[in-house]
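Step one of this worksheet: look at the structure below.
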Amino acid sequence: MPGRQWDPASKAKVVLEGLKGRSESAICKHHRIKPAEYRSWRKQFLANVARPMEPRNSARPPSGMPRRVWEESAKALHVAQELIEALPVPVFFKARDGKHLGANRAWEAYFGVNRDAFIGRTVRELFADTPEIAAKHQAADDDLWNNPGTRSYELEVPIADGTTRHTLNYKATFTDADGKIAGLIGAIIDITERKRAEQRQTIEHRVTRILSESDTAAEAMPGVLAAFCETLGWACGARWSLDNEAVGFRCEETWGGGDPALASFLAESAQTTFQPGQAGLIRRTLGRGEPVWIVDVAGEAGFLRGKRAARAGLRSAFAFPIRLGDDVLGALEFFHRETQAPDEWLLKTGVAIGLQIGHFMARTQAERELRYSEARFRSLTALSSDWYWEQDEELRLTFMSARFVERTGIDPAPFIGRKRWDQPAPNLTESDWARHRALLERHEPFFDFEIERVAPDGNSVWLSVSGEPVFEDRKFRGYRGVGTDITDRKRGQAVLRAAYDELARSNSELQQFAYVASHDLQEPLRMIGSYTQLLERRYVDKLDADAREFMGFIVDGATRMKQLIEDLLAYSRVGTRGKELQRVPAQAALDRALVNLRAAIESARAQVTHDALPDVSADDTQLTQLFQNLIGNAIKFKKPDDPIRVRVGVQDTGSEWRFSVSDNGIGIEPQYYERIFMMFQRLHTRDEYPGTGIGLAICKKVVDRHRGRIWVESAPGKGSTFHFTLPKNQRGQS
Ligand code: ADP
């Protein structure tokens, strides 16, 4: 294959590939040229490139250079010049003395500087404001002058729009036609995007690691702040939180890399609490939930800490919110020592980190709450005498807390892995179990399910078990619940039940006895009465005065006995012959009592008045008897000369009716207030006041049956008031 003909423009293109970084061997292989050939092209190209910066007025070749060569290279130079101009990469040249010779349009565009302002200047002059950048370039150049070849290094440089860019500076020396180092050519590749992706990854990795190793925000934050500052070159930072109680913002943690000037500024921040508002760095960030950038803290109106920050040598600041969804949980702020133009990328990175921290805080909060509730649960179960159990979705017991064996003495092991009904319970029948099982299969809660188990010692142990179904994501997972040992209660109940039954039995026996006795006594009594009368009628003439007087005693005794028996019968009937309680008008009961007492009222000329009486829940016959006994007593225990006045009143106390029967009679001494309600208790002889001493005992028994109370208030010599109550709600009463 005949060798390709290379024109100057094609040669220049090949050389530029090398200047852009392609290796010599790759270029030679690709274009099928010899390395020596490539090197000579390159040498020629670089020599020519240096030429245009020379004075243009020389219309003839430099001394010693043949015209043909000179013309050839001028043509090549023109082409190379065009190519370099067209390159999208910023390129510049400088001479051996360090003064810049030229640059392409891409260079001008990149730095925002016209090449005229640059040609003839050294790096030190160009970077007068940023001596550290100048020094770095200078060092690379010096190194190249000493060891010609190529060099590359990374550098952050400020550009015209005020932002900082990451650049990869590539430099190569070139020689003149004589092979002497004539200068260097440099290309600048903007690696900001790559660099930022790396930085963001570095920060995110560090933050992720710190958050995963921390339990609280307080623990994580200094590391997070350091990761941010160290990776991006910011001086210090702090976390702010929303203080709910004080309704303000509080500085929680800070990081300043150990710089004392920053430490005192951060310490001042930490003592500051802000009220929410629309100005300032933190207030704006937290208020809006968006990042905020301050180019120069000293010049920012409304930024309260601006002056202090400036005194600490800080210039720019920015802050971003810590968010969880729409909730703003706090903010991170950072300060830079140099003025920084707002950086979209940095703000976006901040927002991403803020979300990451927000999730972390939500998670740690949830974990804290979980730990707290677990601790609470633990202390609850530790302190409770109840035990805790769990069942799986097959209703098999999977867990039983230690309290079970402590309380019952029963080993839970045989129950684990089995269903409740797999073990016998003397108190539960097949159908009881079936009902319980059906309830569990319906996944319903249950309360106080009583199970009798047999302990190793053969004794019964009574358990009361309650449980609720457990669902996870709406899926039934089993049951959990508590159990309690109710053996003592059960035994107590049994004893109480037996005692109650015994009492009820003996009570009814007694009532039966009282009834039968008084009933049966009436018969012989009637006989005594009738035969005494017969004796009196037939033999009255044959009896002497003594015998007649004795007869009188017998009749009197029989009459009293009759009264006594009747009263006793009435007393025993209160319990045995009572009617069911019903809604009845108390007025009707009072009216009947007054009818029954009419004779006594009239002969004593008693004046009985009353309130309008309500409907009550009562046995109306017994209520009549109650009024009758109380009013009867009021008339009976009168003062000799005063006209009798009796008043029946009633009061509504809310839950009950309170009745009263007042008189202006002889009254009762306080020490007898209780005694008079007992059977046969009288305060007077029969000669003074007739009676059996059973009336008030009947009253008490009637009121007791109605679940009311009865008592007396009295002023001896002035009168008495008997009170009794009837509950309005008589549910469950007989
Ligand atoms: P009795 O009326 O048959 O004596 P009660 O049981 O009705 O029996 O009354 C017991 C006692 O209470 C009476 O003997 C009397 O001393 C006293 N007592 C009852 N009601 C009154 C009253 N209204 N005023 C004064 N004392 C009374």
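The values are calculated or read from the model by the stated rules, or taken from the named source; none is laboratory data. Just so we're clear, the structure is a prediction, and the values are computed from it rather than from any experiment. A quick note on method: Cβ atoms are made from the backbone with ideal geometry, for glycine too, and the neighbour counts reach across all protein chains shown. Side chains are part of the model used for accessible areas, which takes the heavy atoms of the whole protein and leaves out ligands, DNA and RNA. Shrake-Rupley method; radii C 1.70, N 1.55, O 1.52, S 1.80 Å.
Values computed for the structure shown
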read-out: Sole exception among (1) of a type outside the set (A, V, I, L, M); (2) surrounded by fewer than 15 Cβ atoms within 10 Å (Cβ to Cβ); (3) over 18 Å from Asp97 (Cβ atoms); (4) not assigned by TED's automatic domain parsing to the domain that holds Ser316 for Lys180, by number; value: (3)
read-out: Test: residue in the range 605-626 that is open to solvent by 50 Å² or more (accessible area, probe 1.4 Å), more than 14 Å from the ligand (Cβ to nearest atom) and of a type in the set (D, E, K, R); value: yes
read-out: Of all residues making up the range 689-704, the number that are more than 7 Å from the ligand (Cβ to nearest atom) and of a type outside the set (Val, Ile, Thr); value: 5
read-out: In the range 151-162, residue farthest from the chain's Cα centre (by Cα) [restricted to those that are surrounded by fewer than 15 Cβ atoms within 10 Å (Cβ to Cβ) and outside any strand (DSSP E or B)]; value: Ala160
read-out: Residue in the range 591-601 that is touching a Gly at 6+ places or on another chain (Cβ under 7 Å) and in a helix (DSSP H, G or I) present; value: yes
read-out: Any hit, the range 244-253, residues being modelled with pLDDT of 90 or more, assigned to a strand (DSSP E or B) and out of contact with any Asp or Glu (no Cβ under 8 Å at 6 or more places or on another chain); value: yes
read-out: Unmet criterion (only one of (1) in a strand (DSSP E or B); (2) charged (D, E, K, R); (3) within 15 Å of the ligand (Cβ to nearest atom)) for Arg686; value: (1)
read-out: Residue match in the range 133-145 (condition: closer than 30 Å to Glu24 by Cα, buried (at least 17 other Cβ atoms within 10 Å of the Cβ) and among the small types (Gly, Ala, Ser)); value: yes
read-out: Number of positions in the range 709-719 that are at pLDDT 95 or above and more than 9 Å from the ligand (Cβ to nearest atom); value: 4
read-out: Per-region count, the range 649-664, residues within 10 Å of the ligand (Cβ to nearest atom) and without any contact (Cβ under 8 Å) to a residue 12 or more places away in the chain; value: 0
read-out: Which listed residue, of Asp567, Asp642, Asp556, is in the same structural domain as Ser720 (by TED's automatic domain parsing) and charged (D, E, K, R); value: Asp642
read-out: Contacts under 6 angstrom Cβ, first residue in the range 667-686 being in contact (Cβ under 8 Å) with a residue 60 or more places away in the chain, partner surrounded by 12 or more Cβ atoms within 10 Å (Cβ to Cβ) and part of a helix (DSSP H, G or I), 6 or more apart; value: Met679/Ala697
read-out: Members of the range 195-213 that are surrounded by fewer than 17 Cβ atoms within 10 Å (Cβ to Cβ) and farther than 24 Å from Thr164 by Cα; value: Thr208, Arg209, Ser212, Glu213
read-out: Any hit, the range 227-247, residues being in contact (Cβ under 8 Å) with a residue 60 or more places away in the chain, closer than 14 Å to Phe334 by Cα, out of contact with any helix residue (DSSP H, G or I) (no Cβ under 8 Å at 6 or more places or on another chain) and open to solvent by less than 30 Å² (accessible area, probe 1.4 Å); value: yes
read-out: Any hit, the range 635-648, residues being over 19 Å from Gly693 (Cα atoms), open to solvent by less than 40 Å² (accessible area, probe 1.4 Å), in contact with a strand residue (DSSP E or B) (Cβ under 7 Å, 6 or more places away or on another chain) and more than 11 Å from the ligand (Cβ to nearest atom); value: yes
read-out: Selection from the range 366-405 of residues that are in a helix (DSSP H, G or I) and surrounded by 14 or more Cβ atoms within 10 Å (Cβ to Cβ); value: Thr381, Arg403, Phe404, Val405
read-out: Residue among Ala341, Ala319 that is assigned by TED's automatic domain parsing to the domain that holds Gln201 and part of a strand (DSSP E or B); value: Ala319
read-out: Checking Arg675 against (1) of a type in the set (D, E, K, R); (2) within 12 Å of the ligand (Cβ to nearest atom); (3) within 22 Å of His610 (Cβ to Cβ), the condition it does not meet; value: (3)
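Yes/no per residue for (1) away from the ligand (no atom under 16 Å from the Cβ); (2) touching a residue at least 24 places away in the same chain (Cβ under 8 Å); (3) more than 24 Å from Ser508 (Cα to Cα):
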{"residue": "Tyr539", "(1), (2), (3)": "yes, no, yes"}
{"residue": "Asp544", "(1), (2), (3)": "yes, no, yes"}
{"residue": "Ile565", "(1), (2), (3)": "no, yes, no"}
{"residue": "Arg573", "(1), (2), (3)": "yes, yes, no"}
{"residue": "Lys579", "(1), (2), (3)": "yes, yes, no"}
{"residue": "Ala586", "(1), (2), (3)": "yes, yes, yes"}
{"residue": "Asp591", "(1), (2), (3)": "yes, no, yes"}
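Here's the yes/no breakdown for (1) open to solvent by less than 40 Å² (accessible area, probe 1.4 Å); (2) basic (Lys, Arg); (3) in a helix (DSSP H, G or I):
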residue	(1), (2), (3)
Glu450	no, no, no
Ser466	yes, no, no
Phe476	yes, no, no
Val495	no, no, yes
Arg505	no, yes, yes
Phe513	no, no, yes
Ser518	yes, no, yes
Leu525	yes, no, yes
Leu543	no, no, no
